[in-house]
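Values quoted throughout were computed directly from the atomic coordinates according to the rules given, and no laboratory measurement underlies them. All figures in this text were calculated on a predicted structure; none of them were measured in a lab. Methodologically, a virtual Cβ is constructed for each residue, glycine included, from the backbone with ideal geometry; neighbour enumeration extends over all protein chains shown.
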Amino acid sequence: MTLQISRIKLILLTSLFIVFADNYRFFSQVKIIYPLSPSNTPFLLSIAVVFFSFLALFFSLFNSILTLKPILIFSVLVAAFISYFANTYCVIIDDTMIQNVLETNASESLDLISSKLFLYVFLLGGLPALLIYKVKTPVQTSRQTLASTLVTISITVLIIIVTLLCFSKFYTSFFREHKPLRYYTNPTYAFYSVGKYIGHKFDNHETELKAIGLDAKKDADAHGRRLAIVVVGEAARADRFSLNGYKKETNPLLKKEDIINFSNMYSCGTTTAISVPCMFSYLERKNYNDKKAKTTENVLDVLNRGGVKILWRDNNSSSKGVADRVSYENYRTPETNTICDSECRDVGMLNGLQDFINQQDEGDILIVLHQRGNHGPAYAKRYPQAFEKFTPVCKTNQLEECQQEEIGNAYDNAILYTDYFLQQTLELLKQNDGTFQSALFYMSDHGESLGENGLYLHGMPYFIAPDAQKHAGALMWFGASARQEIDTENLQQTTNDHFSHDNLFHTLLGFMRIKTSLYNEEKDILKYF
């Protein structure tokens, strides 16, 4: 016997299922602000009613024999995926997260796949989608369809209005004071974010590349050649560095070096897709716009224009457009990276660098090394077995199956491997200190949540992101020749001051002695004191 129901009933049942099966995270967040109590319970029920009515209203707009089922099937499948990531990692699917997902490579995506994900999608997506596909809906004339659609829209709008008026005291604060709650609505906020992302992506304004720093040139008073290596870290939060007082010794090698450690460095964003282009941009976080950044030159272009030889080596997903106009090498493959086991290691980016340096007969050199670093959730894959110092560790990408201590240990071991990678980078710079004024600049792109308050990974909207996702590891090192010009004693006095990715643009220009009207000495960390 074939089940047959009207399209309106199918809309109502699907809306009801999505509200109560796929929005655990949303209602959990609402309950934090409005705890269960006799006075709050009617309001909490009203939120479910409004949400249900809104979904029914939305789906009614597609009430035709050709469009309704595809829209409902797509919605329950998307809601199932979002439900898994929201419940497991507490992520929010906004336009930035969508950009980050689209710019993530396949190997990083595989780290997020698990049996639990398939179970979520099967139970909350596949089965409902199959039922929607199988159910029969009576044939209606165009007039009948229009009439039923208008009635549904009218009733749902009326329910929404009446409910909002009945609980106006609650909804006034709900909409004004607790706007971030809407980020958790599934799948409506994701659909909105997709539209927002597409709107930015296909905006036809400012499609031509804007050149900046056209007046860039080497300072005539500068003497000697400069060699700088910029290491862009991945998801390395500052409070897991023993250099910053962390109880575990995660920086045993760097503590033996003459490091200048910046304990109060903050990122431009909470995702690689935003933070990496932002840290090399002159726009700064308050003015940053992804579309504008991608159509405007960055500090590498300015340095290149000033005569600096640039090389970008990448063991992450990509340079996010930063290195589009300079020499770029992909080190995520054994074809270029000679140190690969289960995955290609960051230290492999150092192979052959001395040959590159030797080939540059004159001029200054800036090398960027983009780390795999602490990319989650499979932290235990980010380091060779020899660096598994802190145990027990979480060996799975399903973080909810591990104790917080196990997750933290795996993460800390990855920091330990970064410590080794940076020390090896310093050894390379030391070999060249007789020829160059050499320097290392390390900045992580952002931090990482490791289960605090139920949050994992990164990517929360910046203004509600926890400090763990924004407070990033950062340090510098200068060779003996460079220290003759840089007052490192005074610089050490500033290491607890508040700095951010906004400072990198000007700091690199200052160290490389490139004169341009874009340069702001007050934002140059080396001139800050």
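Just a few scattered comments:
- J(HN,Hα) series, the range 333-338, from Karplus relation 6.51 cos²θ - 1.76 cosθ + 1.60, nearest Hz, glycine and proline x: 10, x, 5, 10, 9, 7
- Set of lysines with alpha-carbon distance to Lys286 below 21 Å, sequence-local pairs under 8 removed: Lys179, Lys196, Lys201, Lys210, Lys294, Lys320, Lys470, Lys523
- Values of log10 I(q)/I(0), in the order q = 0.14, 0.15, 0.18, 0.21 Å⁻¹, for the range 107-242 under a Debye, Cα-only, solvent-free model: -1.29, -1.34, -1.35, -1.31
- The protection proxy used here, the mean number of other Cβ atoms lying within 10 Å of each residue, ranks peptides 481-494, 76-89 as follows, highest first: 76-89, 481-494.
- The residue among Pro384, Leu3, Val157 whose Cα reaches farthest toward the positive pole of the charge dipole of the chain, with charges on the beta-carbon of Lys, Arg, Asp and Glu, is Leu3.
- Diffusion coefficient (Stokes-Einstein, Kirkwood radius over C-alpha pairs, 25 °C, 0.890 mPa s) for the range 363-499: 144 µm²/s, rounded to a whole number.
- Rounded D (µm²/s) - the range 360-422, Kirkwood Rh over Cα pairs, Stokes-Einstein at 10 °C, 1.306 mPa s: 124
- Cysteines having no other Cys beta carbon under 4.7 Å from their own, within the chain: Cys90, Cys166
- Signed unit charges on C-beta, dipole axis of the range 219-523, positive-most listed residue Gln404, Ile274, Asn503: Ile274
- Peptides 65-71, 464-470 ranked from most to least packed give 464-470, 65-71, packing being the mean of other C-beta atoms within 10 angstrom over each peptide's residues.
- Once the chain from Thr333 to Asn490 is taken as fully extended at 0.36 nm per residue, the excess over their C-alpha distance is 52.3 nm.
- Only Lys, Arg, Asp and Glu carry charge here, each on its Cβ (+1 for the first two, -1 for the last two); on that basis the chain has a dipole of about 2380 debye about its Cα centre.
- Of the residues Val30, Ile47, Leu117, the one whose Cα sits farthest towards the positive end of the charge dipole of the range 7-201 is Ile47 (charges of +1 on Lys and Arg Cβ, -1 on Asp and Glu Cβ, taken about the Cα centre).
- Mean projection area, nm², convex hull over Cα of the range 7-201: 12.6
- Unsatisfied cross-links (Cα-Cα over 26 Å) in the set Lys381/Lys430; Lys292/Lys515; Lys292/Lys381; Lys9/Lys116: Lys381/Lys430; Lys292/Lys381; Lys9/Lys116
- Ratio of Rg to Rh over the range 305-400 (Cα coordinates, Kirkwood Rh, two decimals): 1.06
- Electrostatic dipole magnitude of the range 425-485 [Cβ: Lys, Arg +1; Asp, Glu -1; Cα centre; debye, to 20]: 120
- Exposure proxy shown here: for Thr270, Thr145, Thr507, the number of other Cβ atoms within 10 Å sets the order, fewest to most, as Thr145, Thr507, Thr270.
- Listed by chain and number, the aspartates and glutamates whose C-alpha is less than 12 Å from the C-alpha of Lys255, apart from same-chain residues fewer than 8 away, are Asp419.
- Pair-distance distribution of the range 219-523: all C-alpha pairs, bin width 20 Å, starting at 0; shares per bin in whole percent are 35, 60, 6.
- Here the scattering of the chain is modelled by Debye summation over its C-alpha atoms, one equal scatterer each and no solvent; at q = 0.07, 0.10, 0.12, 0.13 Å⁻¹ the log10 of I(q)/I(0) is -0.47, -0.86, -1.11, -1.24.
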